[in-house]
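Quick note: the coordinates plus some simple rules give every number you see, no bench work behind them. Not measured: the values here are computed from a predicted model. When we count neighbours, we look across all protein chains shown, and the Cβ atoms used for this are built from the backbone with ideal geometry, even at glycine.
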Amino acid sequence: TMRNWLGKVALIASALSFSVHADTGTNYLLATASTGGTYYPVGGALATLTKVKIQPKHKVSVSAINSAGSGENIKLLRDKEAQ
């Protein structure tokens, strides 16, 4: 449901805000899915939420990137090309 989705986005955004160093700034790449996939708009919303609510105070940047899906996301995480 939309309520669950928003709750998960808020939880992830909160976790990001506590796991960074405010002095240096941190950039994250968030691998999502193909542009037609379910998680692509979720990643975009999370990146936007981070930019508006977290980046000004904590110097955190999240960019959502499209991917081929969960298999590629695992590879990107393993290769440290996405967080």
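Tabulated values for the structure
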item	result
Long-range HN-HN contacts of Y28 with modeled amide H, under 5 Å	S61, V62, S63
Ranked E81, E72, criterion: other C-beta atoms within 10 Å, fewest first	E81, E72
